[in-house]
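**Q** One structure is given below, represented as structure tokens, and several questions about it will come after.
Nothing in this text is a laboratory measurement; each read-out follows from the coordinates by a stated rule. Remember, it's a predicted structure, so these values are computed and weren't measured experimentally. With ideal geometry, Cβ positions are generated from the backbone for all residues, glycine too; neighbour counts draw on all protein chains shown.
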Amino acid sequence: MFLRCLFFIAGLFFLIPISGQVEVNPYVGFVPGKDRLSTTGGDLKGSRYLLGIDALLGAGQLAPLGGLFYVQQRYEGGASGDFSYGRVHLPLGVAYRLLAPDFDLNLVPSLALAPGLTLGSDAAPDFMRELDWSLRAGARLYLDTVTVGVHYLLSLTDHYPEGKEDPAGVVLTLGARF
């Protein structure tokens, strides 16, 4: 364990020179519309929001993308009662800056595979807790230090085999650029 920590700290020292080539984008997001879920407990309507941070690595226009985001999902209206749960996703993909990275105004489309883990125990009775595979595609507009984005989040995992989940997929984000 000590040796792992030592290698981790040594690795951080090697990353110091590239800190000037990392662009960090924290953001909050809202999913307009309602998610729909039909389970053995009845029909439910839900809403989602998310918090996240993305990092673009490198000074070029084509940049690897990594990050972390948390999605909170809440369903209401079923006979089995209301429930909510969260998912932590790790998007890994690629982004392309249409203009040079040092411009204050830029449009950055991106595509990422985002595996995620479900957190919390307050879910529907027939909810299957397994790794959630999602795709995220979208674009973010840079306005100096403010970012505005539109993304589409598509879950490739069916968590309700006995029911039908119809989540809204468009995510509107507002964030910062460092």
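**Q** Multiply the residue separation of residue 90 and residue 117 by 0.36 nm, subtract the distance between their alpha-carbon atoms, and state the gained length in nm to one decimal.
**A** Length gained, residue 90 through residue 117: 8.8 nm.
**Q** Taking the number of other C-beta atoms within 10 Å as the exposure measure, put 69, 30 in order starting with the fewest.
**A** 30, 69
**Q** Then there is this: For segment 99-106, what does the Karplus curve 6.51 cos²θ - 1.76 cosθ + 1.60, with θ = phi - 60°, yield as ³J(HN,Hα) per residue in whole Hz, taken in order and with x for Gly and Pro?
**A** 10, 4, x, 8, 6, 7, 10, 7
**Q** At 0.36 nm per residue, minus the direct Cα-Cα distance, what do residue 24 and residue 145 gain on full extension? Give it in nm, one decimal, please.
**A** Net length gain for the segment: 42.5 nm.
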